[in-house]
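What follows is a set of notes on a single structure, which appears directly below.
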């Protein structure tokens with residue numbers, strides 16, 4: 001079911017399919033997706049792509065499309081002029097370009113996900129140790145000064161605030177949004193590769 005939904009979101013005018021299936025006006029769907037009606041119109045003309053947040057909001061609706069609609073396009077589309085045998089793989093520079101864009105963005109997201117996970121885990125470790133740092137006895141007077149102690153405590157508080165910001169920014173829920181986007185890109189790249197002839 002999820003694969004069909006992703007197909008609906010990658011192929012022709014999925015928002016129009018959703019609107020037709022659920023009887024939703026264009027401005028109403030735009031409001032639900034938190035995008036402008038102009039942007040939605042461009043998406044339905046295949047001139048723009050949905051932002052990730054709108055894609056995620058649309059997914060539950062797309063998952064309830066009938067199988068024929070969720071497929072996005074007929075199982076055996078009519079051949080393009082001069083294509084010869086139906087289903088024949090044809091070289092298409094635009095598809096090659098889109099494939100490269102999907103692969104580039106997917107690789108960027110993979111690296112971002114690895115880095116964000118590392119930052120999240122490091123921040124969580126720091127926050128866990130903050131009570132111990134704050135409870136630690138100050139250094140003996142001969143080894144420090146009140147000003148130095150104040151600076152140390154301020155540093156702990158600043159680091160704690162920064163760690164909490166990182167925990168909020170890279171929360172697993174936020175990472176899940178990126179993971180869904182990565183899955184969509186990988187699926188689209190695989191579908192494009194299936195339609196292109198193998199590289200010699």
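Derivation of every value follows stated rules applied to the coordinates shown; laboratory data play no part. These figures come from a predicted structure and were not determined experimentally. Ideal geometry is used to build each Cβ from the backbone, glycine not excepted, and the neighbour counts take in all protein chains shown.
Quick one: in the range 33-52, which of the residues that are part of a helix (DSSP H, G or I) and without any contact (Cβ under 8 Å) to a residue 24 or more places away in the chain is surrounded by the fewest Cβ atoms within 10 Å (Cβ to Cβ)?
Of everything passing the filter in the range 33-52, 38 is surrounded by the fewest Cβ atoms within 10 Å (Cβ to Cβ).
Confirm whether residue 112 is exposed (fewer than 13 other Cβ atoms within 10 Å of the Cβ) and touching a residue at least 60 places away in the same chain (Cβ under 8 Å). Walk me through how you get there before you give the answer.
Numbers: exposed (fewer than 13 other Cβ atoms within 10 Å of the Cβ): no; touching a residue at least 60 places away in the same chain (Cβ under 8 Å): yes.
Spelling it out, it is not the case that residue 112 is exposed (fewer than 13 other Cβ atoms within 10 Å of the Cβ) and touching a residue at least 60 places away in the same chain (Cβ under 8 Å).
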